[in-house]
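Here's the structure we're looking at; comments come further down.
What follows draws every value from the coordinates through simple rules; no lab data is involved. What you are looking at is a predicted structure, and each value in this text was computed from that prediction instead of being measured. Virtual Cβ from ideal backbone geometry, glycine too; neighbours counted across all protein chains shown.
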4 protein chains.
Amino acid sequence: MTLNNSLNRKLRMAMVGGGRGSFIGSVHAIAAQLDHRAEFVAGALSSNPERAKESASDYGLNPDRAYGSFDELIEKEKALPEDQRIDFVIICTPNDSHYHIAKAAVESGFHVFCDKPMTLTLEEAEGLADIVSDKDQIFALTHNYTGYPMVRQAREMVMAGELGEVQAFRSTYIQGWWRTRLELEDHKQAKWRNDPSKAGAAGTFGDIGTHAYNIARYITGLIPKEISCQLKTFEEGRALDDYGHAIVNLENGGLGTITCSQISHGRENDLSIQIDGTLGALEWRQEDPNELIFRKNGHPKAIYTRDPNAPFTKPISAASCRLPWGHPEGFLEAFANIYCSGYDAIVDQAEGKKVDHVNTIYPNVNDGVEGMYFLQQCVESSSQNGTWLPMKHERARR
Amino acid sequence: MTLNNSLNRKLRMAMVGGGRGSFIGSVHAIAAQLDHRAEFVAGALSSNPERAKESASDYGLNPDRAYGSFDELIEKEKALPEDQRIDFVIICTPNDSHYHIAKAAVESGFHVFCDKPMTLTLEEAEGLADIVSDKDQIFALTHNYTGYPMVRQAREMVMAGELGEVQAFRSTYIQGWWRTRLELEDHKQAKWRNDPSKAGAAGTFGDIGTHAYNIARYITGLIPKEISCQLKTFEEGRALDDYGHAIVNLENGGLGTITCSQISHGRENDLSIQIDGTLGALEWRQEDPNELIFRKNGHPKAIYTRDPNAPFTKPISAASCRLPWGHPEGFLEAFANIYCSGYDAIVDQAEGKKVDHVNTIYPNVNDGVEGMYFLQQCVESSSQNGTWLPMKHERARR
Amino acid sequence: MTLNNSLNRKLRMAMVGGGRGSFIGSVHAIAAQLDHRAEFVAGALSSNPERAKESASDYGLNPDRAYGSFDELIEKEKALPEDQRIDFVIICTPNDSHYHIAKAAVESGFHVFCDKPMTLTLEEAEGLADIVSDKDQIFALTHNYTGYPMVRQAREMVMAGELGEVQAFRSTYIQGWWRTRLELEDHKQAKWRNDPSKAGAAGTFGDIGTHAYNIARYITGLIPKEISCQLKTFEEGRALDDYGHAIVNLENGGLGTITCSQISHGRENDLSIQIDGTLGALEWRQEDPNELIFRKNGHPKAIYTRDPNAPFTKPISAASCRLPWGHPEGFLEAFANIYCSGYDAIVDQAEGKKVDHVNTIYPNVNDGVEGMYFLQQCVESSSQNGTWLPMKHERARR
Amino acid sequence: MTLNNSLNRKLRMAMVGGGRGSFIGSVHAIAAQLDHRAEFVAGALSSNPERAKESASDYGLNPDRAYGSFDELIEKEKALPEDQRIDFVIICTPNDSHYHIAKAAVESGFHVFCDKPMTLTLEEAEGLADIVSDKDQIFALTHNYTGYPMVRQAREMVMAGELGEVQAFRSTYIQGWWRTRLELEDHKQAKWRNDPSKAGAAGTFGDIGTHAYNIARYITGLIPKEISCQLKTFEEGRALDDYGHAIVNLENGGLGTITCSQISHGRENDLSIQIDGTLGALEWRQEDPNELIFRKNGHPKAIYTRDPNAPFTKPISAASCRLPWGHPEGFLEAFANIYCSGYDAIVDQAEGKKVDHVNTIYPNVNDGVEGMYFLQQCVESSSQNGTWLPMKHERARR
């Protein structure tokens, strides 16, 4: 977390979407700037001009660079001198506009941090991945939960073989906020999430199922073979799923399960994962993110705590901490870690270092493709009563 | 918990199986006598004569009534005067002998407490249910987890409508003790559990899957429609499954999932269930059995504790407690509650009261049939790669 | 847990007090018989003749041996032939009668299991200890929390030096049931506990403070030097303390604190202890008794679970378990462990083995003396605004 | 969290101390800017010129305003035009310099955010409070734990009478990092904390005891009457205490206890508090900061979660949240809440509103005086073997 690089300056950022009333816009703004490595200089914060203006003021933007539309933002920023122009764009609009914005940003030479799910359809996702591959911009997808130090610790422990061969995972993401039909009220979040033209073909599975799948893939590295899915809509009249369950047969013979709900009373944001290996097992819960449980028969249950100074902490996990043990870090800090990892890549590239765009610490455009493939196959499998469909995509990490 | 009934004496019990070295035999012996309502007077504790003798001594049995075989036990006990003869038989042999023993006991006029799964096959189970229905003996199946006060509390809360309509459950039972191939060592428990001729067609699903399914059915009362299952054998060379997952489509449109493992490192006996209703949600964990979590949007998370004196405690739950709040009750006490409920029925019957053999507090012979149906359909579905099979049995509770 | 000893029979027990309506009587009856090592043959269960009779029936006692008074019990039992006569007496009357009963029992050749606090005054306690020392009877005091397997595990870990030198303990026992003046209602437990002539000079500290002090002494073995205490009565009009706090200076320079409440809303039976050593630290909570937390800088937090088969489990802890890991054992099982340890000593003595009456696994008459000394010094210190008073008694374990 | 105020700009901040290698400097820098309400424009970050320069670069400071000393900072900033000059100074140097820096800053017209303990001695603290009272600057003391939403919720619940009369608190702060003599190694934090000329007369009690006392006072509002304290130095050769315990007699007859350790193996940053009232009881733990436990006899244990949208959340608690329920907020966010509350006061003052400097949401200079009084009386009482000393200071909140 230092500016002592060849740039010797903060990166300049613009945000698209995320104006007043947006939960995730505020999250991106805080996370991107948390470690003093970026400054917020431009934005196209809302399609509503008045809200765009107010939102710019919230973030202390110069009115000159508070643009009325994304197209204007791109055009004007490209025209600025290099030492004023933005370095990267944050996309936190509803899913339907991601593709257009990301494409234009990348093609204009800007790096991109994009919210998930990456696009509206798999086709768009694959198209975007092609574009990104052709260019040399950094593209990070904010599957933010992979930014938690203990998630990264888990991944490193798996890669170091401390679990032996991984044979099973159980990934669950349980919420309760969508128990009632908030989309019939003036509830912005619920409205677009229940609109297939904005959210895509999946509701709850698009919103949180992709996270549950992504974190399992991120930590275990296991390659999926085929998937079977059941999506449910428990609130009558809702356009999209609000509950769902998928089973994944893994290439190595293992089995993964993914269960998501947004209709479970009183459940907050309960993403959790359990991983079984031949030599040990891991468990992690997002609502208790500073702990990672490691179990091994014949040994006491071991609680690994987020502790940058502990001998058992892996370097990447230690580097993802700002605070000593016992000083809880949370959601914003994890989110900021995605940004920091992206910034590292941006700086490396600016310094002329060779940058690997595929095996990244941060979720990238290929992870975005895989997420869209996951959603497409889940929706299709569910519509066929859970028939097995292929789940291995050529762009998937391995 | 009183003898002040028309019998005015302790019930007399015999145990079949459960000799020295048997975990479950000792559990039955303690549970059945915990509340001073039964005395252990006879047994056929082992097929090995020496072990049978030693075991009889462990339990303080009169050597005259420590029989060499079950058949001898039945014959000799029937010949005793009514005021000495046993009242009931506890069956805790491996699964393959349950049917024969239970049948003979019932037909000889003895009540039965039988370990689960009830029989080796569905056919046997149905046959046994027919026999029991013809007679008037009490038949209790020790799905012991239903004896926990907070499980009974949960059931009562569902029945009282406090959750609204139940739409989903997630029942999991995760253990780790069978991670390695203990059946190749001199490990009695592992050996018979891996032998289809003794354990039946399912391994882990037979051992603990039936519990996970039963508790969901017991608490929610939801009627299953069809089931899809994946059984896995992660330890190479093992004859039966050691991991599995089933999905249940419910008649009311809901969805249930059941996940079981015996190969998850360091996991002890982690049966847990989450239940989602339209008005509230419940969560319970066997390893923390004195608590029941109730959640409702807009309200603080409520921890119901096992407390016989609390105004929120349902009568049946209160009656299942021996101790005030904060004095942990555990596995043995829950097990004993199954016995107490069975004893109540035995006494009622002896007093000439009309006894309902179908809607019982304790799991009964019909629940045993449903458990065997569950296993049969799971094994069959799994062998067909998860095809959907019917799951509603005519004998199932509703 | 076997009868295979030279006696080759169950021990015969009588209970004094503990009739219907007594919480602790039922606990003793279950605990003493849990492992089939004793049979309940006689009792003087209540000073109220009708209740005595009903209570005898509850426990299935032969009416001939349901005596009307303790004196009658002693007289009649002494007159019985040796092969029918009781072996031991359980005392669970209010504190004021303990001395008289225990004295008579011991002098009549019966072993004794006595509830705590041991007597009404220190003088009585010392007198009783003198009597017991002169005889060769087993005298066990039911500081039942020392019977938990993980408490015994903790003690063994301390003795094995795994904590290094112990320098501090924090022992707390927090309840809420006495928040209101139940003694003004018809509440049997509250009534005698608020009556100095029955309960002694301390209320909450007598009831639970002695447990909190005893468990710290039992686990750490640290020798106290002096004590300072503050007792409070928060409910106006109450005769005795309902909250209190004591500090103990230890001979080795360490510091212990003891905090007890019976007026903390919603708190159940929350006895817990934290112990700091130079090499490691332990934490245990009675409401979660199957776990013991061990911490050591630079290592993950280690949760030792009650597991008779784990390599890290000390033999005495393993021998105190009836069930495998994950099958919760609770209050009754711990209570029963006190009985089992006492039975072992009784059998050893009957077999002519040399029995150590001082360094016992179970709390003994000397621990009872120390408990009464603790109460006397606490009450006295508190009345002098916390002045330091000596706390090392010559009979205290070391 | 908005700039839409009459200033319509970010506040300009300078930091004194907190250069590279300082844990708390980085915390202040992040927290002060987290909500985009301040920009970091100047600093005197280290007395070591090279480290000062590097540190300035870490924070992206303009080298022109990276001063070599605090005196230079004050002089130069005062000389800047009003629209460039800093608004406030953050003090995160060792305790010995706080007084001098704070005095100069306030007298120069700058607002101050000062780390705790406020000064080296009570005399300094009282002097500083006099100065601040004479001026009209905002002075906030970073007793950061009072910034947690659930701590503020607790305070509001107490003030609303939901606990009835508060009679007892148990405040504990347990750490383990100082178990060994790190001060003998090159450990910056340990070195100055063990140096009375820099840390003051107390070690652990100065470092964390003040927090434990402050949070109890902040939440309960109870007025202390007198205090008795025992400080211990368990690591031989250490200059200051590393363990301690204090008892507080409260004006209303209640009792509070404060226990602190920095030598408890494996304990992280475990500040926790339990509060007993006549109508209810509260419990909160810093390591699990998003929850607040409320207990009331006869009701299920209620877990209040940090949820800005819940009907049970008090307005000030809701306003202290950035994220919805289940998205953990931690230490930095709580710290930032202290800054936000201070900023609100700064803006109010700039807008000409009347500002109350005494009953503030944020800890203020009077709280700092009370903290120093607490330390002085603890050290003195401990040196007199725990004699009772007065504890009510005329400047203390009530």
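Please compute the average number of Cβ atoms from other chains found within 10 Å of each residue's Cβ in peptide C:99-108.
Mean partner-chain Cβ count within 10 Å for C:99-108: 0.
Using each residue's phi in segment A:28-41, evaluate 6.51 cos²θ - 1.76 cosθ + 1.60 at θ = phi - 60° and report the 3J(HN,Hα) Karplus result to the nearest Hz, with x for Gly and Pro.
Going residue by residue, I get 4, 4, 5, 4, 5, 9, 4, 9, 6, 9, 9, 10, 8, 10 Hz, with x marking Gly and Pro.
How large is ³J(HN,Hα), in whole Hz, for each residue of segment A:378-395 in order, when computed from phi with the Karplus curve 6.51 cos²θ - 1.76 cosθ + 1.60 and θ = phi - 60°, using x for Gly and Pro?
Listing the rounded values in order: 5, 4, 5, 4, 5, 5, 10, 6, x, 4, 6, 10, x, 10, 8, 9, 4, 8 Hz.
Among B:L128, B:I74, B:L11, which residue has its Cα positioned farthest towards the positive end of the charge dipole of segment B:11-145, with +1 placed on the Cβ of Lys and Arg, -1 on the Cβ of Asp and Glu, and the dipole taken about the Cα centre?
B:L11
Need one number: nm distance between label points at D:N62 and A:L279, each 7 Å from Cα along Cα→Cβ, rounded to one decimal.
Label at D:N62, label at A:L279, 5.6 nm between them.
Placing a label point 7 Å from Cα toward Cβ, how far apart in nm is B:D64 from its equivalents in the other copies, listed shortest first to one decimal?
With the label placed 7 Å along Cα→Cβ, B:D64 yields 1.8, 11.0, 11.0 nm.
When Cβ neighbours within 10 Å are restricted to other protein chains, what is their mean count per residue of peptide D:169-179?
If you average over the peptide's residues, the count of other-chain Cβ atoms is 4.
At 222 nm, what helix-only mean residue ellipticity would chain B give, in deg cm²/dmol to the nearest 500, using -39500 (n - 2.57) for each DSSP H run of four or more?
Value at 222 nm, helices only, nearest 500: -10000 deg cm²/dmol.
Within a 10 angstrom radius of each residue's Cβ in B:302-312, how many Cβ atoms of other chains show up on average? Whole number is fine.
3
Can you list, bin by bin at 5 Å, the percent of alpha carbon pairs in segment A:11-145, starting at 0?
The calculated distribution, bin by bin, is 2, 11, 22, 25, 21, 12, 5, 1.
Once the label point is set 7 Å along the Cα-to-beta-carbon vector, what list of distances in nm do you get between C:K225 and its counterparts in the other copies?
3.0, 7.0, 7.6
Every cysteine in chain B with no other Cys Cβ under 4.7 Å from its Cβ, please list them in numeric order.
If one checks each Cβ against the other cysteines of chain B, B:C92, B:C114, B:C260, B:C321, B:C340 turn up with nothing under 4.7 Å.
Grab the other residues whose beta carbon is less than 12 angstrom from that of C:E126, score K and R as +1, D and E as -1, and report the net.
Every neighbour counted, the sum reads -4.
Counting other beta carbons within 10 Å of each Cβ, put A:M15, A:M157 in order, fewest first. Mind showing how you got there, number by number?
Working: A:M15 30, A:M157 22.
Ranking A:M15, A:M157 by Cβ neighbours within 10 Å, fewest first, gives A:M157, A:M15.
Return the loop-located trypsin sites (Lys or Arg not before Pro) in segment D:138-195 (DSSP other than H, G, I, E, B) with at most 15 other Cβ atoms within 10 Å of their own Cβ; answer none if there are none.
Numbers: sites: D:R152, D:R155, D:R170, D:R179, D:R181, D:K188, D:K191, D:R193; in loops: D:R179, D:R181.
For trypsin sites (Lys or Arg not before Pro) across segment D:138-195 that sit outside H, G, I, E and B with at most 15 neighbouring Cβ atoms in 10 Å, the list reads D:R181.
What are the residues whose amide H is under 5 Å from the amide H of C:I223, where those residues sit 5 or more places off or on another chain and H is modelled from the backbone?
When sequence neighbours closer than 5 places are left aside, the close amide H contacts are C:E251, C:N252.
How would you order C:262-272, C:74-84 from highest to lowest mean count of nearby Cβ atoms within 10 Å?
C:262-272, C:74-84
Listed highest first by mean packing, meaning other Cβ atoms within 10 Å per residue, what order do C:54-62, B:327-335 come in?
Going by the mean number of other Cβ atoms within 10 Å, highest first, we get B:327-335, C:54-62.
Taking R0 as 35 Å, what FRET efficiency do you get between B:E351 and C:S47 from their Cβ-Cβ distance, rounded to the nearest 0.05?
On the way: r = 33 Å, r/R0 = 0.94.
So the FRET efficiency works out to roughly 0.60.
Can you list the aspartates and glutamates whose alpha carbon sits under 19 Å from that of B:K76, skipping same-chain ones fewer than 8 residues off?
The reachable aspartates and glutamates, counting only those whose Cα sits under 19 Å from B:K76, are B:E39, B:D64, B:D87, B:E107.
Please give me the summed charge of the neighbours of A:K232: other residues whose Cβ is under 11 Å from its Cβ, Lys and Arg +1, Asp and Glu -1.
With Lys, Arg at +1 and Asp, Glu at -1, the neighbours total -3.
Place the label 7 angstrom along Cα→C-beta at D:L279 and in each other copy, then list the distances from the first to the rest in nm, shortest first.
2.8, 5.3, 5.9
How long are the semi-axes of the equivalent ellipsoid of segment A:126-179, defined as square roots of 5 times the Cα gyration tensor eigenvalues? Whole Å, largest first.
Listed largest to smallest, the semi-axes of segment A:126-179 are 27, 22, 12 Å.
What is the diffusion coefficient of chain C in µm²/s, taking the Kirkwood radius over Cα pairs and the Stokes-Einstein relation at 25 °C with a viscosity of 0.890 mPa s? Could you put the intermediate results ahead of the total?
Values: Rh = 21.5 Å.
Approximately 114 µm²/s, per Stokes-Einstein.
What are the equivalent ellipsoid semi-axes of segment C:260-398, built from the alpha-carbon gyration tensor (square roots of five times its eigenvalues), in whole angstrom, biggest first?
Numbers: eigenvalues 163, 129, 55 Å².
Equivalent ellipsoid semi-axes, largest first: 29, 25, 17 Å.
Which distance in nm do the two modelled labels at D:K392 and B:R397 give, with both placed 7 Å along the Cα-to-Cβ direction?
6.2 nm
What net charge is computed for the residues neighbouring C:A140, neighbours being all others with C-beta under 11 Å from the C-beta of C:A140, Lys and Arg scored +1, Asp and Glu -1? List each step's numbers first, then the result.
On the way: positive: C:K116; negative: C:D115, C:D344, C:D367.
Summing Lys/Arg as +1 and Asp/Glu as -1 gives -2.
Enter the Cα centre distance for the pair segment D:361-398 and segment A:127-154, rounded to the nearest angstrom.
If you average the Cα positions of each part, the centres end up 52 Å apart.
Round to the nearest 0.05 the FRET efficiency obtained for C:I223 and D:S69 when R0 = 60 Å and r is the Cβ-Cβ distance.
Approximately 0.65, to the nearest 0.05.
So for the protein assembly as shown, what are the equivalent ellipsoid semi-axes in whole Å, largest first, each being the square root of 5 times an eigenvalue of the Cα gyration tensor?
58, 44, 26
Between segment A:267-314 and segment A:29-107, what's the alpha-carbon centroid distance in Å?
38 Å
What pairs in A:K103/A:K225; D:K10/D:K198; A:K296/D:K116; D:K296/D:K354; A:K301/A:K354 have C-alpha atoms more than 32 Å from each other? Intermediate values should be presented prior to the final figure.
Details: A:K103/A:K225 30 Å; D:K10/D:K198 34 Å; A:K296/D:K116 43 Å; D:K296/D:K354 40 Å; A:K301/A:K354 42 Å.
Table pairs above 32 Å Cα-Cα are D:K10/D:K198; A:K296/D:K116; D:K296/D:K354; A:K301/A:K354.
Give the calculated FRET efficiency between C:A239 and D:F312 to the nearest 0.05, with a Förster radius of 30 Å applied to their Cβ-Cβ distance.
So the FRET efficiency works out to roughly 0.20.
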